[in-house]
Structures are given as structure tokens and as C-alpha cells.
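J.: Take this structure, written in C-alpha cells, and hold onto it; I'll ask about it next.
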Amino acid sequence: MSEERSQALFESARRVLVGGVNSPVRAMRAIGREPLFIAAGEGAELIDVDGNRYVDYVCSWGPLIAGHSHPTVVGAIEQAARAGTSFGAPTEGEVILAEEVRARIPSAEMVRMTCSGTEATMTAVRLARAVTGRERILKFAGAYHGHVDALLAAAGSGVATGALPDSAGVPPAVTAATIVVPWNDAQALRSACSGSELAAIICEPIPANMGLVPAAPGFLELISEQARANGALLIADEVISGFRVARGGAQELLGLRPDLTTLGKIIGGGLPAGALAGAGELMERLAPCGDVYQAGTLSGSPLAVAAGLATLALLDDAAYGRLARATALLAEGLRAAAGDHPVSVVSVPGLLCLFFAPAPPTRLSEVSACDLAAHARFARAMLAEGIYPPPSQFEAWFLSLAHSDAHIERTIEAARRAFAALGA
Ligand SMILES: *Cc1c(COP(=O)(O)O)cnc(C)c1O
């Protein structure tokens, strides 16, 4: 397939956009190729500027759980835009969306909307510090919580992909109060918690920014226990898992009760949005009720709220059943297609990862030890077959309600050929 127009656009882009992109992973450096420029999306498919079609397993990194250009989501955005794009004053939609969040997530009594997941986690950290009067934050290696200075330590995902251990430009004083513990390491968690007074423990309950590395049995319970015993708040970063793995996110699926929850991606239905939510008594420390400042010119954007509400309206029990079934079908098919190749497929409803390792990794160091070169060759081969997997071993595959059995069949057939080419 021709990539002539993508190549020409990338050449122009590199002169005016840093690295030719507006977010690093899009550059596809981790799989040793140049990006495709996208012209449109339809359901589960992407169409690039050369007219090539791909079955999309990135789905804008999570927001598009209903698929691309879903008619009711696009209709809701159009209708909202005609009424005015932004007012800097409250609107009815924000109330309805907050009520919908609360109905799905019992721990989310009150909501503050932001424009991104990063802002939600940044606010969560500030609020936790104010509420507890403490500074230290415990995070897990390989968990990504957006590009918040204090949380850019062992941050997985785009950071791991770029092979940057941390980011330059973050003063050591800012990360000095951040403690990083390996995921699924009970001993390290216990000793870190006994050694210091923490403002919060922040975790992705289903980490999906180092591939997909669910908690070992008992580990989430231990996190809750340790947070409580320490007097720290528990922050569940559900920017990916929220509204994806279940109606009420990972906390419903896994029986977790966090103090604060951060949301993003699906809540904006493909437009920029995030949210922080939690118990009323905590949330009311935020301005204008309390002394913790937080604001945003476009927070609660009427367009993003309309897209989020339209997306959530599609996500009923039947939809989650379909998504879970599609994910299981793809996981089984990829395992079968891999044959004797030393790979492992990990999945939860709506998310999947194909690790180039003989056993599923349990922490970041094991993801880093995957055969990244084989992954890169496989991902390039899949693109050539018309399948668009995440272009990094450190990213999860995202499924949508638009992925049909036929899309999944095509993906498994393509994987069979891509594995065969790897062996050759
Ligand atoms: C994507 C992501 C964020 C950051 O959200 P942005 O909207 O990209 O700022 C935070 N936490 C997790 C778990 C994420 O996956």
C-alpha cells in the first residue's frame, strides 16, 4: 500500500511540529517507522491520507469506546456547537454528566471537571496534600498519571517508549516527595508505607500504560489496607479503566473503594475532558468552597460534556457484555495465531496486550525485558496487513463497540501471517 502522502506530510510536519507530532507516541519511533497521517475514522476503522484502511486498536488511546464518528455522538456535538461552544458559566449538561458519574461510581459523590486526565491527577495530588497536611505521594513504577511534574517518575507508556528514565526539566525537589514502588511487590509497598507519612497512594487499578499488567491476587487489597493504616488517601487513576472495563470502572470490577478517582478519555467521548471525583467532604476543599485552588477556562466544555454524555448513554450492560466477548475472542485468536512464538496475551474487558515474553509481565522491569525488536517487527507487519495496533510494547490495545466479529477475524488472520513472517 502506498504511504506517499503520509510521508510527504511527515516531512512538512517535522519542520513545524516537534518531531512531527503533538504527542510523542504518535511518532511511532518505538516500532522503527514513521507515522501514518489520518484523514478519517469510521466505526472500528481508520482511513489514512493515502486512502488505506486499518482496523484500529488505538481508538484515540481510549476515548472512542463507541468507535469513530458514531452518529449519536457526532449528532450531540453538532447540536451542542449550534447552541454555543463555550460560555465560562455553568450549563445543565455538566449537572447531568456529574449525576451520571455518581450513579455509576458510588465513591464519586462530587465531581470537578477538567480538560484532560493530567489536570485531574494534578488536582488529586494537590487536594490530597491539602487534606492530609502531608507531602509524600506513593506511585507505582510503570503507572502513568499524565505529565504532572511530581508524577513523572518511572512513568511507563510514552516515557518508557522514549527510553527517558524521567523527564529533564523536572526539578529534583519536585519528585523528592514522590516514592516509586514496583507494581505487585507487596514487601516493597509495606516497607515504603511503614517508612513515611504519605499524603496519598495513587494507582491505576488496572495498569494499562506498561502494556496491561493487572494486580496479583490480594495486591489491590493490600494497597487499600496500607493507605488506610498510613492515614493516606487512596487515589484510583481510572482515566483508562473508567467506564471501559465495567459500567463503574475498575473499582466496580475489582471491589475497590478509593477516596478520590480520576477520570478522562471516555468521559469526553473523543473531545478533551477529564474529571476528579470523590467524597463530598474531600471535594469541597476545592475552590470556591475551600482553600485548594483549581480552575479551567474550558473545563466542563459543553461540547465535551455532550460527547461524553452521548457516549455513556451507549454504555449499558449489553454493551459491556459485547465488549467483553469481543475482547475474549481477540485474545483467544491471537494466542492461537502465535503458535509456538514466545508471546503472552493478557486481557480484561475492552483492553488487551500482546507481550513478546513467554509469561505475562507482573511489573515494569519485566515489560522492559520483552523482545522489543520482535514486537516492533510484528507491529510493522500488522500495519502492512491493514491492522493498526498500538505502536509500542508499553501500550495496551483498545477495543470498541464497533469492532465486529469480522474485524476480529481479519485481525487474527493478519496476526497469523505476521507471526509467520517473524519466524522466517
Ligand atoms: C491518558 C492517561 C492520563 C492522562 O490523561 P491526558 O488526558 O492524556 O492528560 C492519566 N492517567 C492515565 C492512567 C492515563 O492513561
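Bear in mind these aren't lab numbers, they're just calculated from the coordinates by the rules spelled out. Keep in mind that this is a model prediction, so the values were computed, not measured. Methodologically, a virtual Cβ is constructed for each residue, glycine included, from the backbone with ideal geometry; neighbour enumeration extends over all protein chains shown.
J.: What whole-number distance in Å separates the alpha-carbon centres of region 386-424 and region 1-40?
T.: 21
J.: Between GLN79 and CYS289, with labels modelled 7 Å along Cα→Cβ, what's the label distance in nm to one decimal, could you check?
T.: Placing both labels 7 Å beyond Cα along the Cβ direction yields 3.0 nm.
J.: Roughly how compact is region 164-294, stated as its Cα Rg over 2.2 N^0.38 Å to two decimals?
T.: 1.11
J.: For a footprinting-style exposure proxy, rank ILE38, ILE235 by other Cβ within 10 Å, fewest first.
T.: ILE38, ILE235
J.: Continuing with the same structure: Among GLY280, VAL58, ILE408, whose Cα lies farthest out toward the positive end of the dipole of the chain, if unit charges sit on the beta carbon of Lys, Arg (+1) and Asp, Glu (-1)?
T.: Of the options given, the answer is VAL58.
J.: Relative contact order for region 315-395: what percent, with Cα pairs under 8 Å and sequence separation of 6 or more? Walk me through the numbers before you get to the answer.
T.: Values: 81 pairs, mean separation 16.0, N = 81.
This gives 20 percent for region 315-395.
J.: Once you treat every alpha carbon in region 250-381 as an equal point and sum by Debye, what is log10 I(q)/I(0) at q = 0.12, 0.18 Å⁻¹?
T.: Taken in order of the listed q values, log10 I(q)/I(0) reads -0.74, -1.12.
J.: Still on this model: How large is the Kirkwood hydrodynamic radius of region 56-133, in angstrom, based on all distinct alpha carbon pairs?
T.: This gives a value of 15.4 Å.
J.: Mind checking which of VAL16, PRO35, LEU46 is farthest towards the positive end of region 7-46's charge dipole, using Cβ charges of +1 (Lys, Arg) and -1 (Asp, Glu) about the Cα centre?
T.: Projecting each Cα onto the dipole axis, the largest value belongs to VAL16.
J.: Still on this structure, I have one more. Whats the longest run of the chain with zero chymotrypsin sites (Phe, Trp or Tyr not before Pro) that are DSSP loop and have at most 14 other Cβ atoms within 10 Å? Display every interim value, and only then the final one.
T.: On the way: sites that count: PHE87, TYR293.
That would be 88-292.
J.: Follow-up question, since we're still on this one. About the Cα centre, and with charges only on the beta carbon of Lys, Arg (+1) and Asp, Glu (-1), how big is the dipole of the chain? Nearest 20 debye, please. Write out the running numbers ahead of the final one.
T.: Working: 32 positive and 42 negative charges, 104 e Å.
For the chain, the charge dipole is close to 500 debye.
J.: Quick one: check the C-alpha center-to-center distance for region 53-126 versus region 325-379, whole angstrom.
T.: 30
J.: Quote the FRET efficiency, to the nearest 0.05, computed for ARG410 versus SER69 with a Förster distance R0 of 25 Å and r equal to the Cβ-Cβ distance.
T.: Between ARG410 and SER69 the formula returns 0.80.
J.: To check you understand DSSP bridge types, tell me what percent of the beta bridges within the chain (both residues inside) are antiparallel, rounded to 5.
T.: 60
J.: Mind pulling the per residue volume of the convex hull built on the Cα atoms of the chain? Å³ is fine.
T.: Cα-based convex hull of the chain, divided per residue, equals 138 Å³.
J.: Mind listing the long-range amide H neighbours of ILE179? Cut-off is under 5 Å, sequence gap 5 or more, other chains count too, H placed in the peptide plane at 1.01 Å from N.
T.: Excluding prolines and chain starts, which carry no amide H, the hits are ILE137, LEU138, LYS139.
J.: Right, something else. Extent of region 356-406 along each principal axis, from alpha carbon coordinates, in Å, largest to smallest?
T.: 34, 23, 16
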